Amino acid sequence: MVVRSLALILMCLLVTGCLTPKMDYKRPARYEFTPDLIQKAKDFETDALARLNNHNMLQYRWGEPYTATSKEKSNFLSDGAAWQGYLIAALAFRAAVQRSDGGYNMTTETNHIKDLAGFFTKSYEITNKPGLLCRSTSPETLTAVEPAWMASTSDNYDWVFFDETANGATDTGWCLTKPNKDHVNMAGAGLAIALALDREHNLYNPDGKTALLNALKPLIERLRNDGYEVKDHEGQLTTHPDLKPTHFLVLPEGMNRMTVLQLLAGVVVNEPSPSSLQAAYDDALRDWGTEYAWTLHLTGWWTRVYGHWNGEGTPKFSNPQALAMAALSFLLNEKTDMDAREEMKEALRGWMRFMKYEPNGIYWPVMLAFLEEFSDLEKYQRMRLVIDELRSIPYPKQAHLEKVDIIPRMVQPIHNRPVDSNYWKDNPYKRSTSIGLSFLHFSGVDFLLSYWMGRYFDLIPNTKSGE
């Protein structure tokens with residue numbers, strides 16, 4: 001089995017080396033929508049906090065005019081848990097920056113973090129299943145009769161009304177079920193990042209830290225109990241459920257191991273010692289060994305080859321962000337295992353051949369903050385591209401009626417891409433031609449996380465232009 005696995009790896013490396021595509025990044029003439037980064041950060045945060053539903057879930061997509069009816073319908077969000085994690089991380093980075101620069105208020109920040117982490121614990125209360133994420137909830141829908149707007153033809157999720165009060169639940173309500181591995185990773189990473197920054201900078205009152213742990217710990221405990229597979233409320237596997245440590249042919253799965261380790265570390269490092277998950281964390285480090293890096297190198301190579309073959313890139317565009325977020329939350333927790341930290345850094349290096357063509361605002365701040373090989377000049381040059389993209393993100397982020405083309409192996413700058421919940425989650429070769437404005441708006445959580453990460457790691461200057 002080992003010989004066959006090694007032969008497969010060698011074959012993949014040889015094939016990918018021969019078929020490495022040449023990707024050019026040619027930026028069209030610069031066009032800036034709202035170049036004042038400081039004001040844009042304030043505006044996006046104000047909008048985000050004004051677009052929380054009654055369970056404090058971020059409505060990252062909403063319809064205008066924002067009435068009581070459109071607020072209720074705007075709860076139909078398939079990735080609510082993921083972008084909630086992004087918002088928690090973004091506000092934690094912003095609080096850490098302001099802790100040093102001024103404008104910080106511990107009571108206000110604690111209330112924000114308690115509210116946002118409370119969305120996850122509210123999901124656990126509604127379903128009466130600790131650690132079971134809802135993709136989103138609809139607390140404004142008070143009847144158990146499903147309204148027409150909840151109707152869905154997707155096999156990936158279902159609206160379910162939970163009334164578990166007879167079994168001890170403290171609340172009833174609607175939950176969009178069947179989260180996948182990305183939701184677990186992004187939600188957990190946001191919570192773990194906030195815990196790490198709190199420990200480093202004393203951002204919150206004790207009940208703020210408690211709220212974060214009460215959201216994160218059940219998430220990893222449920223995942224462990226389910227054999228590192230994401231299951232729904234009926235115990236069935238969801239779409240993309242696999243977070244097990246090995247893949248086909250018993251090959252180690254580095255991305256999964258990083259995700260699980262960062263969830264474990266987020267609890268173990270921040271929970272009062274001894275943590276009930278300490279043994280699980282130690283066992284994971286011992287049993288999995290230092291195998292993250294080479295498996296992620298292989299994944300990066302394969303991603304590029306797939307893009308070469310189909311001419312459109314790869315469907316795995318969320319992988320670099322998932323990788324960066326998992327590594328970031330682990331690396332920020334400085335008491336974590338040193339060998340695993342070095343492997344995670346090596347895993348980040350393994351994706352550079354693919355990611356160097358796109359100024360991804362989530363991936364590159366993590367890379368430049370934690371990898372030692374970049375000179376000050378290289379950091380400046382790379383971040384200039386990221387800052388340029390941040391300047392091009394429009395405020396408000398209003399969706400367009402658009403015609404979308406795919407330009408094979410030609411990375412498109414943000415101002416050419418379709419407006420979306422996260423500019424860096426989708427195919428970077430998509431080019432949009434607007435044919436009119438839509439009534440839909442998106443939150444700027446992608447901008448907020450990228451911008452405040454850059455500010456925290458001293459990669460983005462505290463100026464309007466970022467220069």
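Annotations
- Residue match in the range 252-268 (condition: over 20 Å from M186 (Cβ atoms) and modelled with pLDDT under 75): yes
- Condition check for T127: β-branched (V, I, T), in contact (Cβ under 8 Å) with a residue 60 or more places away in the chain and surrounded by 23 or more Cβ atoms within 10 Å (Cβ to Cβ): yes
- The set of residues from the range 135-149 being surrounded by fewer than 17 Cβ atoms within 10 Å (Cβ to Cβ) and either touching a Leu at 6+ places or on another chain (Cβ under 9 Å) or of a type in the set (S, T, Y) (or both) comprises just one member, T143.
- Residue pairs meeting the criteria (Cβ under 8 Å; at least 6 apart or on separate chains; first surrounded by fewer than 18 Cβ atoms within 10 Å (Cβ to Cβ), in the range 47-65; second among the acidic types (D, E) and in a loop (DSSP other than H, G, I, E, B)): N54/E140
- Those residues of the range 222-232 which are over 17 Å from the mean Cα position of the chain (by Cα) and crowded, with 18+ Cβ neighbours inside 10 Å, in sequence order: R222, L223, Y228, K231, D232
- Check on F33, aromatic (F, W, Y) and at pLDDT 95 or above: no
- Only listed residue being at pLDDT 95 or above and of a type in the set (A, V, I, L, M), chosen from M57, M1, M23: M57
- Residues satisfying the stated conditions in the range 150-165, i.e. crowded, with 21+ Cβ neighbours inside 10 Å and either within 16 Å of N56 (Cα to Cα) or out of contact with any helix residue (DSSP H, G or I) (no Cβ under 9 Å at 6 or more places or on another chain) (or both): Y157
- Selection within the range 147-169 - hydroxyl-bearing (S, T, Y) and farther than 15 Å from E234 by Cα: S152, T153, S154, T165
- Near pairs, Cβ below 6 angstrom, 6+ apart or cross-chain, from the range 345-368 (farther than 23 Å from I393 by Cα and without any contact (Cβ under 8 Å) to a residue 12 or more places away in the chain) to any residue that is outside any helix (DSSP H, G or I) and among the β-branched types (V, I, T): none
- Selection of the range 98-124 for residues being assigned to a helix (DSSP H, G or I) and surrounded by fewer than 20 Cβ atoms within 10 Å (Cβ to Cβ) yields Q98, R99, S100, D101, M106, T107, T108, N111, D115, G118, T121.
- Hey, L448 out of contact with any Ser or Thr (no Cβ under 6 Å at 6 or more places or on another chain), in a helix (DSSP H, G or I) and touching a residue at least 24 places away in the same chain (Cβ under 8 Å) or not: yes
- Selection from the range 144-155 of residues that are among the β-branched types (V, I, T) and at pLDDT below 90: T153
- Test: T170 is without any contact (Cβ under 8 Å) to a residue 40 or more places away in the chain, in a loop (DSSP other than H, G, I, E, B) and farther than 18 Å from P272 by Cβ: no
- Residue under evaluation A92, criteria (1) surrounded by 18 or more Cβ atoms within 10 Å (Cβ to Cβ); (2) outside any helix (DSSP H, G or I); (3) at pLDDT 95 or above, criterion not met: (2)
- Residues that are under 21 Å from the mean Cα position of the chain (by Cα), assigned to a loop (DSSP other than H, G, I, E, B) and not hydrophobic (A, V, I, L, M, F, W, C), drawn from the range 396-428: P413, R417, P418, D420, S421, N422, Y423, K425, D426, N427, P428
The values are calculated or read from the model by the stated rules, or taken from the named source; none is laboratory data. Please read these numbers as outputs of a predicted model, since none were measured by experiment. Cβ coordinates were reconstructed from backbone atoms using ideal geometry, including for glycine residues, and neighbour counts include every protein chain displayed.
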